[in-house]
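A short worksheet on the structure shown next.
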Amino acid sequence: MIPYGRQDISQADIDFVIDVLRSDFLTQGPLVARFEGTVADYCGAPYGVATNSATSALHVACLALGMGPGDMLWTSPTTFVASANCALYCGAGVDFVDIDPHTYNMSVERLAEKLSVAEKAGTLPKVVVPVHLCGQPCDMPAIKRLADRYGFKIIEDASHAVGAKYRVDEKAAFLPVGDCRYSDITVFSFHPVKIITTGEGGIAMTGDPALAERLQRLRSHGITSDRSQMIAMPEYEIWNYQQVLLGYNYRLTDIQAALGISQMTRIDDFIHRRHDIADRYDREFSSLPILTPWQSPNVYSSYHLYVVRVSAANGGKTQRQAYDELQAKGVNVNLHYIPVYRQPYFQAMGFKRGYCPEAEAYFTQALSIPMYPTLTDDEQGHVISVLQGLYR
Ligand SMILES: Cc1ncc(COP(=O)(O)O)c(C=O)c1O
């Protein structure tokens, strides 16, 4: 079976991890800070705080921005549940903004409309979480303009998008996702199907030193070893840490950081290969009655996923027919995503089916087909011929 995504681990990755296993520190050693610095340099952000998953990075990002009971977080319905759950962990509420029919990212028009209604009702969100679906960046300058007008904070869920780029318009230079020019915090995931991996892992990037410090403390029990941050208590003067708020153990290990550092040396190669795969799919599918991913001229996607949309209209195939045929011929496909509010947990919170019509239309047609750097030309050829065979 050809999977829809998988990691690419080299001998150099393995050797570097083994070096760490033989070193003094398996965790809380020097490699986590080195990994944070590597990612921060790569995406031009002043600070990176590594965590044991993107889910925990989203949680501490919400807490660092002061999310709590009575607050609201808005995100896209077409995302992994973690983009929404981070609000619930903080005792806050969550709501969804429908997607754009071309990019499948949160629609800026729907966001603007919903904000205008919420302003009148006094129900503006504290945080908005745009998700760069499949690695295609959202229109961050436009979302930031709305943040400035309505006073919300932005956490970019860039779990799919380390290595992606965006620009303000067609004359401007491309900028790396994660530079936090148009957001407070940007989160990446390093799960094995993502662009680079640490096994499990994530990171929160920020340009704000105070936020970086809060993120660091929240990921490690709310503890500080910085004397200037400690509360003066002479009886504890010689001891080297204090817990000053309630945090978690969300730390990345040095073993994982080593894998991440080694993977970062190949990130651009990974993304070039993903683009080659996408270009071939685009060419081969251009005459089929399926929709290939539309790309804004102002983005350079990391192509975490390649999503096609199939439809029974005009003699085409349903999602189920295409899924069954692909699976039967050894091609594993996936769906990213069922609208989050359709999950039973969210239905129990009162969300109704049909809440976001574009996200509903998308999820009945979308299929993520195999996309990862080690997909061979022959394997890709097989995926292409099975899909083409559906329409003969
Ligand atoms: C959009 C999105 N957000 C958040 C996450 C959570 O990432 P992690 O598995 O690193 O916690 C994922 C993972 O699949 C994701 O796709």
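Scanning the range 111-134 for residues that are open to solvent by 20 Å² or more (accessible area, probe 1.4 Å), in a helix (DSSP H, G or I) and either touching a strand residue (DSSP E or B) at 6+ places or on another chain (Cβ under 8 Å) or of a type in the set (D, E) (or both) yields E113, K114, E119. Residues in the range 147-160 that are away from the ligand (no atom under 16 Å from the Cβ), open to solvent by less than 20 Å² (accessible area, probe 1.4 Å) and not aromatic (F, W, Y): A147 alone.
Among the criteria (1) at pLDDT 95 or above; (2) farther than 30 Å from A12 by Cα; (3) of a type outside the set (A, V, I, L, M, F, W, C), the one N249 does not fulfil is (2). Does T55 fit the bill of being closer than 25 Å to Y182 by Cα, open to solvent by 20 Å² or more (accessible area, probe 1.4 Å) and within 16 Å of the ligand (Cβ to nearest atom)? In short, yes. Out of G201, G163, G207, one residue alone is out of contact with any Lys or Arg (no Cβ under 6 Å at 6 or more places or on another chain), open to solvent by less than 30 Å² (accessible area, probe 1.4 Å) and either away from the ligand (no atom under 13 Å from the Cβ) or without any contact (Cβ under 8 Å) to a residue 24 or more places away in the chain (or both). It is G163. How many residues are in contact (Cβ under 8 Å) with a residue 12 or more places away in the chain and within 16 Å of R251 (Cβ to Cβ) when one looks only at the range 23-38? Residues meeting the conditions: 11. Checked against (1) touching a Lys or Arg at 6+ places or on another chain (Cβ under 8 Å); (2) under 25 Å from Y362 (Cα atoms), D184 passes all but a single condition, namely (2). Restricting V244, V177, V193, V168 to residues that are of a type in the set (A, V, I, L, M, F, W, C) and crowded, with 20+ Cβ neighbours inside 10 Å narrows the list to V177.
Look at the range 265-294: where a residue is within 27 Å of G315 (Cβ to Cβ) and a partner is open to solvent by 70 Å² or more (accessible area, probe 1.4 Å) and modelled with pLDDT of 95 or more, sitting 6+ places away or on another chain with Cβ atoms under 7 Å, you get W294/H102. Check whether at least one residue in the range 149-162 is assigned by TED's automatic domain parsing to the domain that holds E113 and part of a helix (DSSP H, G or I), and report yes or no. Yes, there is a match, as at least one residue in the range 149-162 is assigned by TED's automatic domain parsing to the domain that holds E113 and part of a helix (DSSP H, G or I).
The values are calculated or read from the model by the stated rules, or taken from the named source; none is laboratory data. Every value quoted in this text rests on a predicted model; they were computed, and no experiment measured them. So basically every Cβ, Gly included, is an ideal-geometry build from the backbone, and we count neighbours across all protein chains shown. In case anyone asks, the SASA skips ligands and DNA or RNA and just uses the protein heavy atoms, side chains included. Shrake-Rupley method; radii C 1.70, N 1.55, O 1.52, S 1.80 Å.
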